[in-house]
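For reference, the structure discussed in these notes is given below.
The values are calculated or read from the model by the stated rules, or taken from the named source; none is laboratory data. Being a predicted model, the structure only gives us computed values, none of them experimental. Counting neighbours? That spans all protein chains shown, and the Cβs are built from the backbone with ideal geometry, glycine included.
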């Protein structure tokens, strides 16, 4: 009996050594593809206070495994947000923004766990975040989208909440009397 145990252990060690030294087959990477879902309407113009804007080129993209349809990358919403200061006499400093997805029932559709809340970040102060009257800026969006809304096709609205400050804007000229050569 002791002899058999040694033989069995020896066979297991020999098999492990042979298997460990042989080349293992390479795991093949799954072939993936992007599924793109256009958002209708493709462009929406809005106006609120001193800021007017347009949300355009909206689409939802998720990456799936070809064949199985298994979701590899959760859905994201991408597009462009164009903003314009429509005031005649106030400058606007864009602070931040966030997006909310509203379902057919009028309630916010929550993102799944481990997803990032869709936020809009603007440049730092003085670097494109201040819009003088009539000036425009463009913000590219690429934010997480709730998978549940895509699956049930229950999205009714996208709400963009902007935080900005307004300050009076004046454009005046200052004249300084000067002379050349002390005359």
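Here's the yes/no breakdown for (1) free of Cβ contacts under 8 Å to residues at least 12 places away in the same chain; (2) more than 29 Å from residue 87 (Cβ to Cβ):
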position	(1), (2)
106	no, yes
121	no, no
133	no, no
141	no, no
144	no, yes
151	yes, yes
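Restrict the check to segment 43-62 and report whether at least one residue is surrounded by fewer than 17 Cβ atoms within 10 Å (Cβ to Cβ), within 30 Å of residue 30 (Cα to Cα) and modelled with pLDDT under 90.
no
Report those strands (runs of 3 or more DSSP E) wholly inside segment 42-98 carrying at least 1 residues which are touching a helix residue (DSSP H, G or I) at 6+ places or on another chain (Cβ under 8 Å).
Because the criterion is at least 1 residues that are touching a helix residue (DSSP H, G or I) at 6+ places or on another chain (Cβ under 8 Å), the strands (runs of 3 or more DSSP E) in segment 42-98 that meet it are 51-65, 71-85.
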